[in-house]
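Working notes, structure below.
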Amino acid sequence: MAVVKPFFCIRPDEKVAAQVAALPYDVYNREEACRAVAGNPLSFLNIDRAETQFGDDVDTYDDRVYQKARELLDRRIQDGTFLTDREACYYLYQLTMGGRSQTGVVACSSVDDYVNGIIKKHENTREEKEEDRIRHVEATGAHTGPIFLAYRSNEELAEIMEKVTKTETLYDFQTEDGIRHKVWRIGNEDMVKAIEAAFEKIPCTYIADGHHRAASAVKVGLKKRKEKAGGGEAVTGEESYNYFLSVLFPEEQLMIMPYNRVVKDLNGLSMEKFFTAIHENFDVAKMGKKAYTPGEKGNFGMYVGGEWYMLKVKPEAVTDDPVKGLDVSLLQDLLLGPVLGIDDPRVDKRIDFIGGIRGLGELERRVEEDMTVAFSMYPTSIQELFAVADEGRLMPPKSTWFEPKLRSGIFIHRL
């Protein structure tokens, strides 16, 4: 069963919630983060990426950066920008983009559930990226960015959500990107118990986005548990550091966009030899100047030489394997690797990845500017993600792009 608990939330005052809410820390490089916080001292990105408070002579991972994050968080609590709820509550967080909404339960998930595989993963994490968030959590004493979790459809939770969303909102605002954010607080004792009981019937949850933040939160929790026990303190398992901030969404509400690819060159091949090599595993049809969006699994768009083509995997190359059968795997194993020489897309500088939110025009722009060939993908489904995670396996890098992105700073969990 999944342990999903209410918590004592630190959250922005309703009057400034729209100013505080910020995109996740990892969607920006340093220069972009500095531009994003300019003129908005209340943006939570000031705390999430506190290097924005220093000149370029101070390294992103300098100790002073993490100290500044703690200082800014404490200051915002003291000056009333952030409030602390006096009772443990659940919250509903609804994001609406382009006319479609997704509503999730904001809660704390269990460190032990992560360790024991009840919270399932589909990506590897990199130690250096974990280390940054470990230091941030330890310095601030808080989880400041929620982990995006998914669960299989549950009728009880759906009914509870429907009731709650008919009540008065805690927050209701729109961000610059046109996404509407609504939040409801759930403090009613009966409703809290009903949500907790419903999650106890759910066998597992899945990390959709935020693998590094989850791994970092778990490592901090386990470290604190060991330190407390080593110091002779009784550890009950109920301490706040045994849980991490999460938002849990039902599978049917989630939207995964494609994660498209662009490649620098044709690996020394002429255009003729390139197309000959592609024909081994794909049927190819010329589509002309209009950007091609794949309409089904096993289809790809390709933009090269100012023209769009449809690539369709030949039947003999299709597989039922949950990892090798992913479209991102098929493109990698049948084309990017053997034809274009991209053997390890995680480290190869000749390939770049473009989130679907940027549109196919971005692929054309990159090919005209600094790349040679682009591939538009059919999006990975949430069912494919579940199938890979259920087998305890991993997806290739850049397999999913979830939209809309959860905002940081709306909910904070203090350790």
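Only the coordinates and a few stated rules stand behind these numbers; no lab work does. Here the structure is a predicted model, which is why all the values come from computation and not from measurement. All Cβ positions, even for glycine, are placed from backbone atoms using ideal geometry, and neighbour counts span all protein chains on display.
A few comments on the model shown:
- Stretchable slack from LYS273 to VAL347, in nm (0.36 nm times residue separation minus alpha-carbon distance): 24.1 nm
- Charge context of ILE195, other residues only, Cβ under 12 angstrom, K/R +1, D/E -1: -2
- Listed residues VAL313, GLY337, MET377: farthest to the positive end of the dipole of region 259-378 (Cβ charges): MET377
- Shape of region 315-415, Cα gyration tensor, a/c cut at 1.5: oblate
- For GLY337, nonlocal amide neighbours, meaning residues 5 or more places apart or on other chains whose placed amide H falls under 5 Å from its own, are ILE342.
- Here the chain is assigned +1 on the Cβ of each Lys and Arg and -1 on the Cβ of each Asp and Glu. Its dipole about the Cα centre then comes out at about 340 debye.
- Calculated on C-alpha atoms, the gyration radius of region 18-103 divided by its Kirkwood radius gives an Rg/Rh of 1.03.
- Within region 259-378: Cβ-based charge dipole about Cα centre, in debye rounded to nearest 20 (Lys, Arg +1; Asp, Glu -1): 280 debye
- Selected from VAL235, VAL183, VAL105 as most flexible by GNM, with the chain as the system and alpha-carbon contacts under 10 Å: VAL235
- The chain: relative contact order in percent, alpha carbon pairs under 8 Å with at least 6 residues between: 24 percent
- Cα gyration tensor category, rounded, prolate or oblate, for region 259-378 with a/c compared to 1.5: rounded
- Computed from the alpha carbon atoms alone, the convex hull of the chain holds 158 Å³ per residue.
- Each residue, ALA38 and GLU71, gets one label point 7 Å from its Cα in the Cβ direction; the gap between the two is 2.3 nm.
- Taking 0.36 nm per residue of sequence separation and removing the Cα-Cα distance, the ASP320/ASP59 pair yields an extension gain of 89.3 nm.
- Counting only alpha carbon atoms, the long axis of helix 63-78 and the longest principal axis of the chain meet at about 50°.
- Helical content alone sets the calculated 222 nm signal of the chain at -8500 deg cm²/dmol, taking -39,500 (n - 2.57) per DSSP H segment of four or more residues and averaging over every residue.
- Using a simple spin-label model with pseudo-atoms 7 Å out from Cα toward Cβ, LEU83 and LYS163 lie 2.4 nm apart.
- Between region 1-55 and region 278-333, the alpha-carbon center distance in angstrom: 39 Å
- Taking a straight Cα-Cα cut-off under 16 Å and skipping sequence neighbours fewer than 8 places away in the same chain, the aspartates and glutamates within cross-link reach of LYS129 are ASP26, ASP48, GLU51, ASP59, ASP62, ASP63, GLU138, ASP209.
- Region 348-415 and region 80-97: distance between their alpha carbon centers, rounded to Å: 28 Å
- Those lysines that a straight Cα-Cα span of less than 16 Å connects to LYS15, excepting residues fewer than 8 apart in one chain: LYS182
- Among the trypsin sites (Lys or Arg not before Pro) found in region 145-192, those both in a DSSP coil and sparsely packed, with 16 or fewer other Cβ atoms within 10 Å of their Cβ, are ARG152, LYS166.
- The residue list VAL106, TYR171, LEU266 was ranked by how far each Cα lies along the charge dipole of the chain toward its positive end, using unit charges on Cβ atoms, and TYR171 comes out on top.
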